[in-house]
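Visitor: I'd like to ask you about the structure that follows.
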Amino acid sequence: MTEAAARSIDIQRNFPPILENRSNQYVRGWRVVAIFTTLLLINAFSQIDRILPFILAESIKADLGLSDTQMGLLTGLAFAVCYSLLSLPLARASDRGSPRFVLVSCILLWSAMTALGGFAASFLLLALTRFGVAFGEAGAIPAGHALIARKIRPERRGLAIGLFAMGIPLGTMVGFAAGGAIGDSLGWRTAMIGAGAIGGLIALLAFVVLGSTPKLDRTTANSEPFVGSSLRLLASPAFRWLFIGAIFLGFAAAPFYAFSAPFLIRTHGFSASEVGLAFGLLQGLMGIVGTLLGGRWFDRALSSGSGRVLGPPAILLLIASATTSAALFAPAGWSSIALLVPGMLSFSFMLPWAFGAAHLVAGEGKQAQASSLVMIGSGLLGPALGPLIVGMVSDAVTAAQEPNGLGVGLLVVPIASVLTGIALLIANRRIAASLGRR
């Protein structure tokens, strides 16, 4: 018996729910392609509905007489808290029941709330619809991952998660381009109502294409209360370090996307359109390449049987930390943009690895819950505090009459990237150690 075969047997022995061969429950042929395509559309329109207020912000402010603070509340902390915390009970419902039912219900909810937002006549009504969007979208990723775990063969799940995650960069590009064009020509209300209507059609498509979901065996179904089950999962050293890595990732990614464009405009004199074209296209391209490459690479790492399933994204994050640091002090603008590319790639590349490793550690019946915890780790503290820290450092450095204050503040990004990479390497060893390998 080869060493790789022996390691594969070890994985099956230690994580039987994930790699258990229940071929009669997995889809094949054109159904696999149909499910992949539908999940990609779902995640893309989830992202479109989420970011529409960003590109339509000026029109919404002028029409409703809102302040920047009110717009920040609509799109910032309140949405992040609602989105992150509600994902856990919705993940629990996906694990214990039908992920298709949860996913379709969530699509209908966030689509209806997006459309209703187009009729809002005040800040309060618009805020209520955005909370509804957050509520619905909170269940999209956990339910989608639970469905993937039950319908897609283990050796293809990394690719499936990568394709699902690819909806984020695609949705971002389409949302900004189409949302801005429709908003300029037909108004922000039409853009919101139209997006909601299309979401309703996607919900119908999902209901038909995804089909019924196999029920879990009683022996694998998770009957423990979700709070206790979550704490038990976090008590696992492997999952705990993965969760810590997700927290650090939030501190790296959120400031990166919030301040990279202002940094390029302020420091290198680019116009907003130049940055939007160059940075936006590169971000979308790296998002697509990263999620697809990351998903396929994760599948190969898992099939090798070594149990080391987090090394490549950790190494890429360490490389990206060095290039991002150089980008913040590069003398030329285009070289700065080029040096930011590895950072864009590293964030998207990590997604299939992080979720796939979380599912591996959690086991069957807890995939959605594991995804939810990773989302909470990356979606709460980092997005809430990371941009604030960057802004405070930038203001302090600028007030001291030092040049490139925003660049100094953005050093939070490479520092957090290094910490993420270290946490992933520790989690990598913990997972391998649980298989009796070093």
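The values are calculated or read from the model by the stated rules, or taken from the named source; none is laboratory data. This structure is a prediction, so every number in the text was calculated from the model and none was measured. Every residue, glycine as well, gets a Cβ built from its backbone with ideal geometry; the counts of neighbours run over all protein chains shown.
Visitor: All but one of (1) under 20 Å from Gly379 (Cα atoms); (2) assigned to a loop (DSSP other than H, G, I, E, B); (3) of a type outside the set (A, V, I, L, M) hold for Pro89; which doesn't?
Guide: For Pro89, the failing item is (2).
Visitor: Taking Gly343 as the residue in question, decide whether it is over 24 Å from Ala416 (Cβ atoms) and out of contact with any Gly (no Cβ under 8 Å at 6 or more places or on another chain).
Guide: So Gly343 does not fit the description; no.
Visitor: Let me ask another. Considering only the range 412-422, how many residues are in contact with a Phe, Trp or Tyr (Cβ under 6 Å, 6 or more places away or on another chain) and buried (at least 20 other Cβ atoms within 10 Å of the Cβ)?
Guide: Residues flagged as in contact with a Phe, Trp or Tyr (Cβ under 6 Å, 6 or more places away or on another chain) and buried (at least 20 other Cβ atoms within 10 Å of the Cβ) within the range 412-422 amount to 3.
Visitor: Given (1) surrounded by fewer than 19 Cβ atoms within 10 Å (Cβ to Cβ); (2) of a type in the set (Lys, Arg); (3) farther than 27 Å from Ala384 by Cβ, where does Lys61 come up short, assuming only one miss?
Guide: (3)
Visitor: In this structure, does Ala177 turn out to be at pLDDT below 90, among the aliphatic types (A, V, I, L, M) and either assigned by TED's automatic domain parsing to the domain that holds Leu345 or crowded, with 23+ Cβ neighbours inside 10 Å (or both)?
Guide: The answer is no for Ala177.
Visitor: Among the residues of the range 393-411, which ones are assigned to a helix (DSSP H, G or I) and either among the aromatic types (Phe, Trp, Tyr) or crowded, with 24+ Cβ neighbours inside 10 Å (or both)?
Guide: Of everything in the range 393-411, just one residue is assigned to a helix (DSSP H, G or I) and either among the aromatic types (Phe, Trp, Tyr) or crowded, with 24+ Cβ neighbours inside 10 Å (or both), namely Gly409.
Visitor: Just to be sure before I move on: is Gly72 under 25 Å from Ile198 (Cα atoms), modelled with pLDDT under 70 and of a type in the set (Gly, Ala, Ser) in the structure I sent?
Guide: no
Visitor: Can you tell me how many residues within the range 360-408 are of a type in the set (Gly, Ala, Ser) and under 19 Å from Phe347 (Cβ atoms)?
Guide: Within the range 360-408, residues that are of a type in the set (Gly, Ala, Ser) and under 19 Å from Phe347 (Cβ atoms) number 7.
For every residue, the table says whether it meets (1) in contact with a helix residue (DSSP H, G or I) (Cβ under 6 Å, 6 or more places away or on another chain); (2) under 20 Å from Ala165 (Cα atoms).
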{"residue": "Val289", "(1), (2)": "no, yes"}
{"residue": "Ala301", "(1), (2)": "no, yes"}
{"residue": "Ala326", "(1), (2)": "yes, no"}
{"residue": "Gly333", "(1), (2)": "yes, no"}
{"residue": "Pro342", "(1), (2)": "yes, yes"}
{"residue": "Ala358", "(1), (2)": "yes, yes"}
{"residue": "Val374", "(1), (2)": "yes, yes"}
{"residue": "Leu388", "(1), (2)": "no, no"}
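Visitor: Going through Pro342, Pro313 one at a time, which residue ends up being under 25 Å from Leu159 (Cβ atoms), without any contact (Cβ under 8 Å) to a residue 40 or more places away in the chain and not aromatic (Phe, Trp, Tyr)?
Guide: Among Pro342, Pro313, only Pro342 is under 25 Å from Leu159 (Cβ atoms), without any contact (Cβ under 8 Å) to a residue 40 or more places away in the chain and not aromatic (Phe, Trp, Tyr).
Visitor: Among the listed residues Gly280, Gly305, Gly196, identify the single one that is small (Gly, Ala, Ser), at pLDDT 85 or above and touching a helix residue (DSSP H, G or I) at 6+ places or on another chain (Cβ under 7 Å).
Guide: The unique qualifying residue is Gly196.
Visitor: Just give me the residues in the range 297-327 being in a loop (DSSP other than H, G, I, E, B) and buried (at least 22 other Cβ atoms within 10 Å of the Cβ), in sequence order.
Guide: The answer is Gly307, Val309, Leu310.
Visitor: For the subset of the range 283-296 comprising residues that are modelled with pLDDT of 85 or more and under 15 Å from Met173 (Cβ atoms), which member is surrounded by the most Cβ atoms within 10 Å (Cβ to Cβ)?
Guide: Once the filter is applied, the top-ranked residue is Thr291.
Visitor: With the requirement that a residue be over 22 Å from the mean Cα position of the chain (by Cα), in a helix (DSSP H, G or I) and either closer than 18 Å to Gly379 by Cβ or touching a residue at least 60 places away in the same chain (Cβ under 8 Å) (or both), what does the range 92-133 give you?
Guide: Selection gives Arg96, Ala112, Ala115, Leu116, Gly117, Leu126.
Visitor: A further question follows. Could you tell me which of the residues Ile55, Ile35 is of a type in the set (A, V, I, L, M), buried (at least 20 other Cβ atoms within 10 Å of the Cβ) and either at pLDDT below 80 or farther than 25 Å from Ala358 by Cα (or both)?
Guide: The unique qualifying residue is Ile55.
Visitor: Test Leu116 against the stated conditions and say whether it is at pLDDT 70 or above and over 25 Å from Leu351 (Cα atoms).
Guide: The answer is yes for Leu116.
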